[in-house]
Amino acid sequence: MQQGEKIMVRLDRITMQGFKSFANRITIPFPSGFNVICGPNGAGKSNCVDGLLFVLGTTSARSIRAQKLQNLIFNGARDKKPADFCEVSIYIDNSDGKIPGDEKEVKITRRITRSGISIYKLNGRTVTRAKILDILSYANLSTEGYNIIMQGDVAKIIEMSSLERKGTIDEISGISEFDEKKAKATSELEKVEIRVRENMIVVAEKQKLVARLKQEKENAEKYKKISDELRKAKASLLKKKIKDVTEKQSAFDKEIDENSKNFDLLAKELSKIDGDLEKKEKGVIRKGDELIKKSRNYEILRRIDSINNEILRKRDRINFNEREMQRAKGHVVGNIAIKEILGLRHNGVYDTVSNLIDVPKKYSVAVEVAIGRHASDIVVDNDDTASFCIKHLKEKKLGRARFIPLNRIKGGKKRRYDGKIIGYAIDLIKFDRKFQTAMEYVLGNTLVVDDIDTARKIKDFRVATLDGDLVEQSGAMIGGFYKRMKQFSDSGLEAENEKLEHEIENMEKELEKLRAQEQQESAEVLRLQEAKSQEEKDLETVRKRHRELYEERMVLQNIIGRAKIEKAKLEANMDNLKTEFEDFRDVDKFFDQSIEELQERVRRCLIEINQIGPVNLKAIEEFEMTHVEFEELKRKLDSLLEEKDAVLRIVQDVEKRRYDKFMETFTEINQNFSRIYKDLTSGDGLLRLEIDNDIDSGLIIEANPSGKKILNLDSMSGGEKTLTSLGFLFAVMQHYAAPFYVLDEIDAALDKANTKKIDNLIKKYSKEVQFIVITHNDLTIAEADKVFGVSMEGGISKVFGIEMPTVRG
């Protein structure tokens with residue numbers, strides 16, 4: 001119907017038999033141009049349109065005014081029996097070859113029987129309905145096409161809502177296929193979004209778990225690393241201790257072996273001296289007896305000899321007690337008392353004398369001998385503190401200790417000595433000057449010299465030698481082999497020695513009296529006395545040597561005993577160390593550090609492990625598994641997001657194509673409507689969407705009929721609504737460009753003026769396209785190029801051609 005476009009395909013004729021009121025076979029030829037089928041109401045002229053819809057393939061009986069398709073078969077009349085079938089054929093001029101095939105004329109036939117069987121034929125050959133619809137599509141023909149306007153279609157347009165009117169363009173534009181695609185894509189998008197949300201929740205939870213496990217994993221790895229280091233450090237420490245103990249054991253074995261050999265030698269020598277001592281003692285006794293016999297005062301001499309022997313025994317006892325007082329028992333007791341006092345942490349208690357001084361190594365023995373029993377003396381600030389400590393020891397029954405209160409002690413001042421010495425003992429040590437008086441008290445006028453020969457030449461001074469000999473100011477000399485050891489005291493032995501000294505003093509007084517009573521002695525007595533004196537000197541020499549050997553043997557015995565005790569302790573320690581080391585047999589690499597450094601490393605590792613706190617050692621494995629799961633979930637989520645984007649793009653693409661297709665159709669129909677409305681009324685007509693560019697909003701039809709202001713279709717008068725609606729339908733029809741257009745009584749509701757406008761419009765466009773109009777309006781009939789009349793005789797419709805008079809100008 002578009003102007004300027006010549007459509008060669010057209011409906012040439014229609015043949016009907018047994019269809020509705022057409023009992024007999026009739027044929028209606030349709031030339032090009034403006035064709036009208038007219039007749040009175042009820043004559044059957046609209047049945048021609050129903051026949052056309054029927055052969056075009058409609059499946060809805062109601063669309064052609066029947067309850068069911070069998071009702072379309074002629075049902076009989078007064079003089080005519082009901083037909084067994086109905087059949088309608090149309091002949092389409094295919095001169096331009098628009099419909100595929102060599103036929104210049106295409107015949108389409110549809111028959112239906114009383115049993116409801118519908119048969120389609122194409123050029124006499126039975127085909128499927130789909131084939132017929134396919135062939136008709138090449139000519140832009142279909143039962144749903146807008147090239148056929150039925151009775152009531154105009155009213156429907158008027159009564160439609162804006163959305164329903166817009167639905168007409170939806171249908172014409174064919175965007176329903178896009179709606180289906182969009183709905184399908186949107187449904188898929190919703191499903192994907194649900195899966196995305198579900199996966200995002202799972203991924204978020206898994207991510208939290210991964211983060212927590214990662215922290216626990218790092219703690220576990222750190223803990224494992226430090227634990228491995230701790231285990232290696234402990235193993236290294238044990239190995240180092242085992243090595244150290246082994247070396248000490250070897251040293252003790254060597255010391256015990258060497259001292260045992262020396263002990264055996266001393267024992268042999270002591271045994272030999274014991275024999276000599278016994279002989280010499282008997283010789284002295286024998287000489288004494290001879291002297292007594294030859295003496296004029298026998299009884300006095302016997303008494304003198306008896307006293308001398310007693311004095312010798314008592315001096316031996318004193319020497320023995322002094323040696324015993326150097327033994328370990330007193331030493332242990334003293335140590336306990338001293339440790340108790342120092343452990344009090346009393347502000348007035350400083351320390352022992354030996355701990356308050358710093359002695360150069362070369363003078364250490366001499367100073368130790370010089371200090372002697374004062375080494376364990378405790379220096380305190382005053383006598384109150386000393387009294388407090390003494391009371392404390394009594395309450396605890398922990399032994400005794402000597403105290404030097406600085407506020408009471410009187411130190412001896414140095415006297416000058418011009419001879420050759422190493423120096424004053426007090427000058428050879430270092431100490432805090434606040435302890436000056438204490439050190440003067442302990443060391444006073446003590447000198448230090450190289451050896452005993454130098455010491456014995458010095459008079460009126462206390463002298464200590466570098467190798468441990470001591471010459472008292474009184475002249476007493478203490479010496480021999482010196483083994484450094486701590487002092488101790490024993491009150492019982494000291495009391496016994498004091499008693500023995502007192503007894504010796506009394507005996508010496510008695511000796512003086514006895515010797516005074518002695519009178520002349522013979523030359524023989526003098527000779528015997530001299531011989532006896534010499535033997536006594538020899539005896540004393542042997543005794544001295546015996547004492548020295550005995551003391552050396554006792555020292556060695558103590559050294560060996562202590563060494564064996566220490567070795568036994570080491571063996572016990574070694575057993576413990578080896579037992580502990582069994583737990584570290586798997587360690588094959590060790591730290592090359594000292595014991596102190598390894599102990600520090602162990603301590604540091606324990607602190608670091610404690611700082612880490614509770615550790616989930618399974619976190620390392622759990623993290624790896626969870627991280628893999630997380631990555632897999634994340635990959636799936638990424639895939640879902642990509643899928644969502646793809647579906648979203650499909651939705652957007654479908655929507656764009658839908659929009660473009662709709663707007664293309666809408667624009668064309670709008671242009672058609674404007675042009676047609678202009679031809680109808682000389683006014684302006686416009687189609688627009690309720691919301692600009694929103695193809696899902698309603699369709700508004702606006703126009704200004706008869707030069708009025710622009711009105712919405714719903715605001716127009718009845719005639720204006722009909723005319724405007726027809727303009728819209730014509731615009732839609734023109735969009736289709738069908739080979740023919742059928743109008744079924746569209747002018748029924750129009751007045752003459754508006755009917756004339758419609759007729760003029762059809763007349764104008766019929767020059768380009770074929771029109772078939774069903775009407776009983778005389779004005780329309782008068783404008784037709786060809787008129788066919790339909791009448792009803794005896795219940796049967798008949799068709800006949802009508803020659804219209806030529807209008808002369």
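Quick notes on this one:
- Of the residues GLU159, GLU105, the single one that is farther than 30 Å from ASP696 by Cβ and loosely packed, with under 15 Cβ neighbours inside 10 Å is GLU105.
- In the range 354-382, the residues that are farther than 24 Å from MET477 by Cα and touching a residue at least 40 places away in the same chain (Cβ under 8 Å): LEU356, ILE357, ASP358, PRO360, ILE378, VAL379
- Restricting the range 59-82 to residues that are touching a residue at least 24 places away in the same chain (Cβ under 8 Å) and surrounded by 19 or more Cβ atoms within 10 Å (Cβ to Cβ) leaves a set whose member that is farthest from the chain's Cα centre (by Cα) is PHE74.
- ILE175 in contact with a helix residue (DSSP H, G or I) (Cβ under 6 Å, 6 or more places away or on another chain) and more than 30 Å from VAL628 (Cα to Cα): yes
- No other residue among ASP751, ASP714, ASP778, ASP759 is open to solvent by 10 Å² or more (accessible area, probe 1.4 Å), over 60 Å from the mean Cα position of the chain (by Cα) and under 24 Å from TYR146 (Cα atoms) apart from ASP714.
- Per the listing GLU664, GLU668, the residue uniquely of a type in the set (Asp, Glu) and either open to solvent by 80 Å² or more (accessible area, probe 1.4 Å) or modelled with pLDDT under 80 (or both) is GLU664.
- The set of residues in the range 1-19 being at pLDDT below 90 and outside any strand (DSSP E or B) consists of MET1, GLN2, GLN3, GLY4, GLU5, LYS6, ILE7, MET8, VAL9.
- Checklist (1) in contact with a Ser or Thr (Cβ under 8 Å, 6 or more places away or on another chain); (2) outside any helix (DSSP H, G or I); (3) of a type in the set (S, T, N, Q); (4) farther than 23 Å from VAL732 by Cβ applied to THR143, failing item: (4)
- Condition met for ILE746 (touching a Phe, Trp or Tyr at 6+ places or on another chain (Cβ under 9 Å), assigned to a loop (DSSP other than H, G, I, E, B) and modelled with pLDDT under 85): no
The values are calculated or read from the model by the stated rules, or taken from the named source; none is laboratory data. As the structure is a prediction and not an experimental result, all values here were calculated from the model. Here the Cβ is made from the backbone with ideal geometry for all residues, glycine too, and neighbour counts use every protein chain on show. Each accessible area value is taken on the protein alone, full model and side chains, heavy atoms only, with ligands, DNA and RNA left out. Shrake-Rupley method; radii C 1.70, N 1.55, O 1.52, S 1.80 Å.
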